[in-house]
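Taking it in order: structure first as structure tokens, then the write-up.
The values are calculated or read from the model by the stated rules, or taken from the named source; none is laboratory data. These numbers come from a predicted model, not from an experiment. Heads up, the Cβs are rebuilt from the backbone with ideal geometry, glycines too, and the neighbour counts pull from every protein chain shown. Note: accessible area is taken over every heavy atom of the protein model, side chains too, but ligands, DNA and RNA are not part of it. Shrake-Rupley method; radii C 1.70, N 1.55, O 1.52, S 1.80 Å.
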Amino acid sequence: MTASRGEQVDVIAGVRLTGAGRVDPFGDAPVDVHLRGGVITDIAPAGALPRRGVVVDGDGGWLVPGLWDHHVHTVQWALVAQRTPLGGVTNAVQAASVMGHSPVLDDGRRVGTGFRDALWPDTPSLRLLDEHTGEVPTYLINADVHSVWLNSAAFRRESIAPTADGILREGPAFEISRRLNDVDPAVSDRFVRDALDRAAARGVTGIVDLDMAWNADAWARRLNAGFDSLRVSFGVYPDLLDRAIAVGLATGDAVDPLGLVRMGSLKVITDGSLGTRTAACSHPYPDDPHNTGVLTVAPDELVDLMIRATGAGFSCAIHAIGDVANSHALDAFALTGATGTIEHAQLVAHADIPRFARLGVGASVQPEHAVDDRDLTDSVWAAQTALPYPLRALADSGANLLFGSDAPVSPLDPWAAMAAAVHRTRGGRAPWRPEQGLDAATALGASTAGGSATGSALEPGLTADLALIDRDPLAADDPGLRATRVGATTVAGRLTHIAP
């Protein structure tokens, strides 16, 4: 029988399982995966059991667990579709010129996104942006989202005193992003739906949504409108923690009868970023001996937040990029007994590597950032003695790795994340710090709900969150892994994507 989106699947027929997920004694022979009630009930040799009900023909492809992106800023990522892309600009003059010719949105603003100024030969300035953009309020969001370049008209619109260079960093930049993301829900929800349908078409069955907003109501609204593309775990920030506690939410609580959307962790941003040169590091940034980044949350304040969250039943997701921030975050986990993750872990002291596993703290990392930032890391962090993007070191120490994109910082594409983690390159360049590359099985496990500690084996009794793909992900090279095609995606056996 031909299956269509939304149908409950009974059999995925004639598929192969990856080396990490093979079930003895079948080896690499084709198998049929039988489902009932959204659960895998049997894995049998192809054709050995009757194929009843709704059958998806695997056509000799590979079946893997459904994939997760463990770090997404959902609305900001979705709204990229209507913003001017700046990832290809190479200097400040070009960026200002592009924005001067970009379309004006319905709200009267121009918004660009994705610029990376750390290696530009010139510097942004308020005067330069004003010269090219005039009286139209114009906003350029850094690729790392930790800084925003505004013109004078934008500063006036936001009732904020202009800075000399036109740039807002960290907290003020996040506030600008919140305002830009606060669009009509009918508009933002449409973009979110389309973006998450595209994610399902890449084999994604779940995301961790870390939008800086009250996400409980937003997801309840989307569910009421029929959202069903994938699973969602949504975070809450410190300014809204009391509200979450007051309404009785705790980590893992479902907000819908099927449990598709659940309360996630308390998210705390404790330092800046590499691209904005504000990540808290043990050694200064080049040409500025007084700049070692910023701790945006003091260590004692972080401990207090984590104690309060833990007492109310919340796990914690702690943003830490520089080595100083990572040390303080690990200290806070040790002092509070909190559970959860460190988000990013981009620069980690050698002595801190084994502490992740010892404390049971997951490393929620974004492998594509290493490829994006390789030149910047070698320049801006050249004086640092801690390990940059230490994926292999963390895995070897026993840490649980959980992959994500930090979309819109990187595209939401788990195959790209896996490729970057394994091959440490993109576009044919020589691998960067290849000794920190992972084996493909670990990378695949890190892209699933439980992370690398859970692995990617399929067996009876597991929930049927699955992705049918056209190649063995454990044997593909970098371009091959990135080009993986997804034939079907299921959430609890229900088709959320089926290729034409």
task = May I ask you to derive the relative contact order of the chain, considering only C-alpha pairs under 8 Å and at least 6 residues apart, and to give it as an integer percent?
result = 19 percent
task = Tabulate in residue order the Karplus-calculated ³J(HN,Hα) for the range 271-287, using 6.51 cos²θ - 1.76 cosθ + 1.60 with θ = phi - 60°, rounded to whole Hz; enter x for Gly and Pro.
result = 8, x, 9, 5, x, 8, 6, 10, 4, 7, 10, 7, 10, x, 6, x, 6
Which of E435, E7, E368 is most accessible, then next, and so on - probe 1.4 Å = E435, E7, E368
query = So if R0 is 41 Å, what FRET efficiency would R471 and S159 give, r being the distance between their Cβ atoms, rounded to the nearest 0.05?
reply = 0.15
inquiry  = Report the per residue volume, in Å³, of the convex hull enclosing the C-alpha atoms of the range 103-198.
reply    = 118 Å³
remark   = Longest principal axis of the chain (C-alpha) makes with the long axis of helix 185-200 (C-alpha) an angle, in degrees to the nearest 10, of 50 degrees
task = Place the peptides 486-492, 112-118 in order of packing, highest mean first, counting for every residue the other Cβ atoms within 10 Å and averaging per peptide.
result = 486-492, 112-118
key: Coordinate range along principal axes, alpha carbons of the range 143-301, Å, largest first   = 54, 39, 35
Point-charge dipole on Cβ atoms (K/R +1, D/E -1) for the chain, about Cα centre, debye to 20 = 740 debye
query = What is the set of long-range amide H partners of G362 at a cut-off below 5 Å, with H atoms built 1.01 Å from backbone N?
reply = G340, T341, I342
key: Mean ellipticity per residue at 222 nm, deg cm²/dmol - from DSSP H runs of n ≥ 4 across the chain, formula -39500 (n - 2.57)   = -8500 deg cm²/dmol
ask   = With every protein chain in place, what's the accessible area of R179 (1.4 Å probe, Å², nearest 10)?
value = 80 Å²
The range 225-242 residues near the modelled L258 label - backbone nitrogen below 19 Å, point 7 Å along Cα→Cβ = 225-234
request  = Starting at the first residue of the range 124-136, write each ³J(HN,Hα) from the Karplus equation 6.51 cos²θ - 1.76 cosθ + 1.60 with θ = phi - 60°, in whole Hz, x for Gly and Pro.
outcome  = x, 8, 5, 4, 4, 5, 4, 4, 9, 10, x, 9, 7
request  = Take the alpha-carbon centre of the range 97-171, take the same for the range 63-87, and report the distance between them in whole Å.
outcome  = 22 Å
query = So if we plug the beta-carbon distance of D122 and V247 into 1/(1 + (r/R0)^6) with R0 = 35 Å, what FRET efficiency do we get, rounded to 0.05?
reply = 0.10
remark   = Each label sits 7 Å from Cα toward the beta-carbon; between D331 and V39 the label points are separated, in nm, by 4.7 nm
query = Ordered by packing density, taken as the mean number of other Cβ atoms within 10 Å over each peptide's residues, highest first, how do 456-462, 137-143, 388-394 rank?
reply = 137-143, 388-394, 456-462
query = Counting only Cα, what are the radius of gyration and maximum Cα-Cα distance Dmax of the range 390-489, in Å?
reply = 13.5, 43
ask   = If the label point is 7 Å along Cα→Cβ of A383, which residues in the range 333-368 have backbone nitrogen under 12 Å from it?
value = none
request  = Could you state the angle between the C-alpha long axis of helix 299-311 and the longest principal axis of the C-alpha atoms of the chain, as a value from 0 to 90 degrees rounded to the nearest 10?
outcome  = 30 degrees
ask   = Which listed residue (V98, S188, L119) has the Cα farthest towards the positive end of the charge dipole for the chain, taking +1 on Lys and Arg C-beta and -1 on Asp and Glu C-beta about the Cα centre?
value = S188
ask   = Which order, highest average first, do 441-447, 43-49 follow once you tally other Cβ atoms within 10 Å for each residue and take the mean per peptide?
value = 441-447, 43-49
key: Interchain or long-range residues, amide H under 5 Å from R110's placed H   = L105, T138, Y139
request  = Return the ratio Rg/(2.2 N^0.38 Å) for the range 1-145, where Rg is computed over Cα atoms only.
outcome  = 1.76
ask   = Over the range 8-109, what relative contact order in percent results from Cα pairs under 8 Å that are six or more residues apart?
value = 27 percent
